[in-house]
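What follows is one structure encoded as structure tokens, with my remarks underneath.
The values are calculated or read from the model by the stated rules, or taken from the named source; none is laboratory data. On a predicted model such as this, the values are computed, not experimentally measured, just so you know. Ideal geometry is used to build each Cβ from the backbone, glycine not excepted, and the neighbour counts take in all protein chains shown. Note: accessible area is taken over every heavy atom of the protein model, side chains too, but ligands, DNA and RNA are not part of it. Shrake-Rupley method; radii C 1.70, N 1.55, O 1.52, S 1.80 Å.
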Amino acid sequence: MNTDRAVLATMIFAVLFGQVALYPGVPELVAALGARTTLDAATWFLAAEYAGFVLFAGVWGALSDATGRRVPLIVAGALGGVASYAALIGLAEVAGIGFGAMLVLRFVEGSFTIAAFSLSITMLMDLDGGHGRNMGAAGIAIGTGTALGAPLGGQLSSVGPLVPIAVAAGLLCVVALLATRVTDRVPESRRGGIGAAIAGLADRPALGLPYAFGFADRFTAGFFTLVGTLYFRQAFDLDAGAAGLVLGLFFAPFALGQYPMGRLSDRIGRLLPVVAGSVLYGGAILAVYLAPTIEIAAATMILLGLAGALVAPATMALVTDLAPDDRGIAMGGFNVFGSLGFLVGTVGGGVIADTVGFGAAFLAAAALEAGIVLVALPLLVRLDLPRATLFGDREST
């Protein structure tokens, strides 16, 4: 792994660690920010950030393609996130501000932070060395950040409900600093204005397939971030720290499997990891809910992480395969759909759990993850890509 690949992976890790560190203690966090309810307030607090992601991921990506510069935009996004987090902490001490104002700040934070996250992945796409390998590096950074962020975030919440926000702000400062050490590699062919970049994406409707899988995978992440955390805490009487450790059992194998699974997809093709992993993923989601004890549920979370590691890097590599040009807007689109998935998983899962029950919510998440394969498989097989890309080439590395 060359130096730029390692630095970019570290940046992605830092963004995700800070983001996920907030999740295990979100009930206490929203209370400290002035909320009067738990599930409803936590739902909207998580959703506000992802609304910013959805609306601005494509904007940052298109801007980077149009200008041929990604590094300055990453720095701007990271520092904007720092300022937003600092404002959240500062206003939490001011009486009478109201939780609605906190949600607006959370939205602003998300609109900036997505630049640091999405464009760091895009810079990995710009590197040589194999799409699966580069997206595997992104995946292991995402997985490791979430794997450590969940359990350590629970411990940070035990120190104080606002401590995870302070840590997230500090990590974004590190991201801004590291970004200045990376070389921009945006080819001249990708520069032609924002309108040209968006028009180019319209010529590749096949990108809708990895976008759909990205939506389903992030739906699951959003679902477990809120509904899963609250389910574990209520069903098995866990505190924030213990709930974070259970989430970590998913993210650890998810993290460790990303890079080797990304390389595997370079060798055996994208189709098998995406299809098999999605089916296994859906089954594991339902199995978590059906587990009678916390020990069995925890073991099933490990299986869930392995399934996610099989799907994620192959899906991101498929975006790169389908978008040889204008990768900023292509990956921005992927993150838009992924963020929409997280948003729907958080809000939709929370609403279903609150109105119908946890069982119905888990069933809906499992059905979406596995069911998308039935719709997408015939289209995946007919993608206009080299056969080796989809079905594998034993000679590739």
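Taking only protein heavy atoms and a 1.4 Å probe, what accessible area per residue, in Å², does the chain have with all protein chains in place?
Using a 1.4 Å probe on heavy atoms only, each residue of the chain averages 36 Å².
How would you classify the stretch 203-276 from its alpha-carbon gyration tensor, with a ≥ b ≥ c the square roots of the eigenvalues: rounded for a/c under 1.5, else prolate if a/b is greater than b/c, otherwise oblate?
Details: a/c = 3.84, a/b = 1.85, b/c = 2.08.
Oblate, because a/c is 1.5 or more while a/b does not exceed b/c.
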Quiz prompt | Span from the the stretch 16-55 Cα centroid across to the the stretch 353-375 one, whole angstrom | solution = 22 Å
Quiz item: For labels at ARG267 and ILE89 in the simple 7 Å Cα→Cβ model, what's the distance in nm?
Solution: 4.5 nm
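Any idea what % of Cα-Cα pairs in the stretch 253-397 are farther than 25 Å?
The calculated P(r) of the stretch 253-397 puts 33 percent of pairs beyond 25 Å.
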Self-check item: Span per principal axis, largest first, for the Cα atoms of the stretch 30-91 (Å)
Solution: 46, 23, 10
Quiz item: Which length gain, in nm to one decimal place, applies between VAL104 and ASP4 when the Cα-Cα distance is subtracted from 0.36 nm times their residue separation?
Solution: 32.5 nm
Exercise. Calculate the radius of gyration of the Cα atoms of the stretch 50-130 to one decimal place, then report Dmax, the largest Cα-Cα distance, as a whole number, both in Å.
Key: 14.9, 54
Quiz item: Where does the charge balance sit around LEU368 when Lys and Arg score +1, Asp and Glu -1, over other residues with C-beta under 13 Å from its C-beta?
Solution: -1
Self-check item: DSSP H segments from the chain that extend 15 Å or more along their own axis, Cα-based, with Kyte-Doolittle mean of -1.0 or above
Solution: 3-20, 39-67, 71-92, 99-126, 131-159, 163-179, 208-223, 240-268, 271-290, 294-322, 327-355, 358-381
Quiz item: Can you give the Kirkwood hydrodynamic radius for the chain, in Å, rounded to one decimal and based on Cα pairs?
Solution: 20.6 Å
